[in-house]
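Single-structure report; data block below.
Bear in mind that the values in this text are calculations on the coordinates, not laboratory data. Because the structure is predicted, anything quoted here is derived from the model rather than measured. Using ideal geometry, Cβ is built from the backbone for each residue, glycine included, and neighbour counts are taken over all protein chains shown.
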Amino acid sequence: MRMILVGPPGAGKGTQAARLVDTFRIPHISSGDMFRAEVKSGSDLGKQLDSLMKTGGLVPDDMTIAMVLKRLTAPDTAQGFMLDGFPRTRPQAEALDVALTNAGVKLDAVVLIKVPDALLEERAVHRRSDPETGKIYHLKYNPPPPDVAGRLVHRPDDTKEAVDKRVTKYHSETAPIIPFYTQKGILKEVDGVGDPDAITERIKAVLKS
Ligand code: ADP
Ligand code: ADP
């Protein structure tokens, strides 16, 4: 299975990806996680990325494309992969298309997780992640167990201001990749509102159709 999860910030891409990769036994490739690892390393590049990401900006296409395409040459992607958060712009979608064509492989599906803008801010602002397990929690909808509470991370770009900017960027920069995949006949839309288990089932159902 070679697939992409697309959706606005807070749509539930990371939450659903973690469940689906267990089922399909494919690597979860999150461009956001890769950039956050670079920031954590404290490198010069990480410092530049940090200030860009904090304010809700996008990382330049050339750097993002190079990083993800390199990751896709690793042997663990031979049987499939789940991309989360990439591509996020039309040039990224086109670059991925060229790379996959050159490698002689095809995408099976692009799943768009649809969530109204009005719900996104609350989802992101109360998001917390566990740096040890990678698990994603929500203070209200998926509260963390008390024993991990002390080590949880609140992303610096999960403020109201940065989320608003990211949602605006989603509509201007990311939404244009949707017709690109509709045209290829591989876009599958899923309602991202409701219980996360129900949404996982919706995704599995559209992947079978
Ligand atoms: P979310 O899960 O909230 O959609 P991500 O973890 O995917 O956010 O991304 C966090 C940040 O990392 C983005 O706001 C952006 O700055 C950067 N980023 C991640 N993926 C990309 C990408 N494909 N192109 C450009 N910037 C990216
Ligand atoms: P994304 O990767 O698309 O930015 P996440 O998977 O990190 O989104 O989810 C954003 C926040 O919303 C997290 O706090 C997560 O626990 C919560 N969340 C995910 N799915 C749902 C859902 N179906 N209903 C309510 N909250 C959700």
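State the extension gain, in nm to one decimal, for the chain segment bounded by Asp22 and Lys160, taking 0.36 nm per residue of separation less the distance between their alpha-carbons.
Working: separation 138, 0.36 × 138 = 49.68 nm, distance 3.21 nm.
Residue separation times 0.36 nm, minus the Cα-Cα distance, leaves 46.5 nm.
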- Task: Output ³J(HN,Hα) for region 90-99: one whole-Hz value per residue in order, computed from phi by the Karplus curve 6.51 cos²θ - 1.76 cosθ + 1.60 with θ = phi - 60°, and x for Gly and Pro.
- Result: 4, x, 5, 5, 5, 5, 5, 4, 5, 4
- Message: Below 8 Å, C-alpha to C-alpha, sequence gap of six or more: please give me the relative contact order for the chain in percent.
- Response: 31 percent
- Once amide H atoms are built 1.01 Å from N in the peptide plane, which residues 5 or more positions from Leu112, or in another chain, come under 5 Å H to H? Val6, Lys188, Glu189, Val190
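For region 52-158, state the semi-axes of the equivalent ellipsoid (square roots of 5 times the eigenvalues of the alpha-carbon gyration tensor), sorted largest first and rounded to whole angstrom.
Values: eigenvalues 188, 58, 42 Å².
For region 52-158, the ellipsoid semi-axes come out as 31, 17, 14 Å.
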- Message: Projecting each Cα onto the charge dipole of region 14-130 (Lys/Arg +1, Asp/Glu -1 at the beta carbon, about the Cα centre), which of Ala95, Ser43, Gln16 comes out farthest on the positive side?
- Response: Gln16
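Which ordering of Asp108, Asp157 is given by a fewest-first count of other beta-carbon atoms within 10 Å?
Values: Asp108 13, Asp157 20.
Lowest to highest Cβ neighbour count: Asp108, Asp157.
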- Note on the structure: Once Leu119 and Ala78 are pulled to full extension, the length gained, defined as 0.36 nm per residue separation minus their Cα-Cα distance, is 11.1 nm
- Quick one: check the C-alpha center-to-center distance for region 153-209 versus region 76-106, whole angstrom. 17 Å
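With the convex hull built on the Cα atoms of the chain, state its orientation-averaged projected area in nm². Spell out each step's value before the answer.
Numbers: hull surface 45.6 nm².
In nm², the orientation-averaged hull projection of the chain is 11.4.
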- Query: Considering only DSSP beta bridges whose two residues both sit in the chain, what percent are antiparallel, to the nearest 5?
  - Reply: 25 percent
- Task: Using the number of other C-beta atoms within 10 angstrom as an exposure proxy, rank Lys135, Lys13 with the fewest first.
- Result: Lys135, Lys13
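Subtracting the Cα-Cα distance from 0.36 nm times the residue separation, let me have the gained length for Ser43 to His171 in nm, one decimal. Before the final figure, lay out each step's value.
Working: separation 128, 0.36 × 128 = 46.08 nm, distance 3.11 nm.
Here the answer is 43.0 nm.
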- Message: Need one number: nm distance between label points at Thr182 and Ala205, each 7 Å from Cα along Cα→Cβ, rounded to one decimal.
- Response: 2.2 nm
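Determine the dipole magnitude for region 1-122: charges of +1 sit on the beta-carbon of Lys and Arg, -1 on that of Asp and Glu, nothing else is charged, the reference point is the Cα centre, and the result goes in debye to the nearest 20.
On the way: 14 positive and 15 negative charges, 46 e Å.
For this selection, approximately 220 debye.
Can you flag which of Lys47/Lys106; Lys13/Lys40; Lys40/Lys140; Lys140/Lys188 are past 24 Å Cα-Cα?
On the way: Lys47/Lys106 35 Å; Lys13/Lys40 22 Å; Lys40/Lys140 27 Å; Lys140/Lys188 29 Å.
Pairs exceeding 24 Å: Lys47/Lys106; Lys40/Lys140; Lys140/Lys188.
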- Task: Starting from the amide H of Phe81, placed 1.01 Å from N in the peptide plane, find each other amide H under 5 Å away whose residue is 5 or more places distant or on another chain.
- Result: Arg2, Met3
- Task: Using the number of other C-beta atoms within 10 angstrom as an exposure proxy, rank Glu38, Glu201 with the fewest first.
- Result: Glu201, Glu38
- Task: Return, for the Cα atoms of region 45-103, the radius of gyration and Dmax in Å, separated by a comma.
- Result: 12.7, 36
